[in-house]
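Nothing in this text is a laboratory measurement; each read-out follows from the coordinates by a stated rule. None of the values given here were measured: they were computed from a predicted structure. Glycine gets a Cβ as well: all are built from the backbone with ideal geometry, and neighbour counts include every protein chain shown.
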Amino acid sequence: MSRGRTFYEFFAGGGMARIGLGEGWSCAFANDFDPLKAATYRTNFEDAETHLHEGDVWAVEPARLAPYADLAWASSPCQDFSLAGGRAGLAGGRSSAFFGFWRLIQALGPAAPRLVVIENVSGLLTSHGGADFTALCQALADEGYVFGALEIDAARFVPQSRPRVFVVASRIPPTPGLTGESPFHTRAVREAQARLPGDLARRWVWWRGEAPPARNADLASLLEPDEAVVWNDEARTRALLALMAPQHLARIEAARAAGERRVGAVFRRMRVETGVRVQRAEVRFDGLAGCLRTPRGGSSRQTLVVIEDGRVRSRLVSPREGARLMGLPEDYRLPRAATGALHVVGDGVAVPVVRWLAAQILEPLLAPPVAAAAE
């Protein structure tokens with residue numbers, strides 16, 4: 001009889017990796033430092049009290065972990081993913097959140113999970129001239145893992161542009177069917193691999209995986225009904241348009257001239273123009289939202305513009321729309337406050353991407369031992 005697949009979820013947030021892995025997996029341990037995220041996790045998972053640790057990963061003792069798991073998933077905070085100098089920090093005190101997690105994997109020794117997935121922003125591949133990525137690969141190699149990376153844009157699955165790097169490490173020798181070409185071996189991944197020293201390059205695995213089917217939803221299809229949301233007044237919409245450079249205003253006018261309902265996503269960014277930093281609003285009408293991020297005020301929340309019958313209206317993305325853009329189910333329970341809800345979803349991992357990784361790589365890697373245990 002199979003015991004099923006088990007996993008640890010470090011930096012779990014609202015549990016989006018858990019949802020993506022699906023019902024065939026059970027969580028043996030989860031942690032998050034953020035009280036709001038931990039509360040959201042508890043709200044959505046009835047068994048949270050049996051395995052959720054709320055607090056700093058550096059405060060977790062190895063004995064707190066369940067004795068065995070097939071997978072360790074770590075979506076460590078991108079802002080402190082500086083690995084190149086992390087090893088000295090391990091001996092001298094606190095270091096990055098990643099090393100707080102990694103010391104636990106090291107402490108497990110031979111009982112450490114056979115699979116590790118580390119998810120982070122794409123900048124991990126190039127930060128500090130590639131030294132951070134090399135240090136990460138060295139840490140994995142030191143514990144007996146082979147590894148490879150995929151750069152996956154969630155836009156292949158949901159209408160949100162959200163490129164992320166997924167480093168998949170394994171103590172299970174990959175079968176030939178799991179290696180080869182992949183649409184997610186981007187130029188950045190290939191260049192990162194090429195920078196590795198020879199001993200690490202020899203441990204590299206080019207994980208393959210079938211390309212996902214074409215996405216069948218666009219941004220407009222995920223929106224709440226017009227009457228169910230709060231719209232900006234005309235003055236605020238005019239102020240938003242006033243922040244647009246000529247090429248973006250031209251997109252607005254082209255959408256207005258099209259004579260049909262058009263939905264665009266707007267981000268505010270700082271640009272340097274003639275040597276001066278200016279705030280700009282930039283609009284896209286390609287059916288995608290820009291990358292959701294954790295809101296720290298109105299200007300950091302993504303805005304929508306809807307053009308219909310020659311009229312331009314604007315509003316902020318709602319929490320439920322943000323959840324849909326992350327691939328979360330409709331019954332996922334969000335914090336009541338909009339800022340809190342968008343903080344949880346904007347700092348998570350896109351659920352369908354996790355499901356793709358599980359189906360294409362993680363579950364096939366684990367299939368032989370699971371089948372043997374069932375015999």
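The mean sequence distance of close C-alpha pairs (under 8 Å, at least 6 residues apart), as a share of the length of the chain, puts its relative contact order at 17 percent.
For segment 245-256, backbone phi angles converted through the Karplus equation (6.51, -1.76, 1.60; θ = phi - 60°) give residue-by-residue couplings of 6, x, 5, 7, 4, 5, 5, 4, 5, 5, 5, 5 Hz, Gly and Pro being listed as x. Peptides 348-355, 158-165 ordered by packing proxy, namely the average of other Cβ atoms within 10 Å per residue, highest first: 348-355, 158-165. Using θ = phi - 60° in the Karplus curve 6.51 cos²θ - 1.76 cosθ + 1.60, the 3J(HN,Hα) couplings for segment 320-336 round to 5, 5, x, 4, 5, 5, 8, x, 6, x, 5, 8, 5, 8, 9, x, 5 Hz; x is entered for Gly and Pro. Result for the chain in a Gaussian network model with C-alpha springs under 10 Å: among Gly287, Gly129, Gly13, the largest mean-square fluctuation is at Gly129. Give me the distance between the Cα centres of segment 178-201 and segment 1-59, rounded to whole Å. If we compute the Cα centre of each part, the gap is 30 Å. Under 5 Å between amide hydrogens, built in the peptide plane, is the criterion, and for Val158 it picks out nothing among residues at least 5 positions away or on other chains. Give the distance, in whole Å, between the Cα centre of segment 298-351 and the Cα centre of segment 104-131. Spelled out, the Cα-based centre of one part sits 30 Å from the other. For Ala245, the amide hydrogen comes within under 5 Å of the amide hydrogens of Ala281, counting only partners 5 or more places away or on other chains and with H modelled in the peptide plane.
Here the sum of -39500 (n - 2.57) over DSSP H runs of 4 or more residues, divided by the residues of the chain, equals -9000 deg cm²/dmol at 222 nm, to the nearest 500.
Based on the Cβ-Cβ distance from Trp231 to His128, what FRET efficiency comes out when R0 is 41 Å, to the nearest 0.05?
0.40
In order along segment 217-228, the Karplus-derived 3J(HN,Hα) couplings, from 6.51 cos²θ - 1.76 cosθ + 1.60 at θ = phi - 60°, round to 10, 10, 4, 4, 6, 9, 7, 5, x, 3, 6, 9 Hz, and Gly and Pro are given as x. Size of the chain from its Cα atoms: along the principal axes, largest to smallest, the extents are 65, 46, 43 Å.
At full extension, Glu260 and Arg313 could sit 17.7 nm farther apart than now, given 0.36 nm per residue minus the alpha carbon distance. Going by a ≥ b ≥ c, the root eigenvalues of the Cα gyration tensor, does segment 225-317 fall in the rounded group (a/c under 1.5), the prolate group (a/b larger than b/c) or the oblate group? Note, shape of segment 225-317 comes out oblate.
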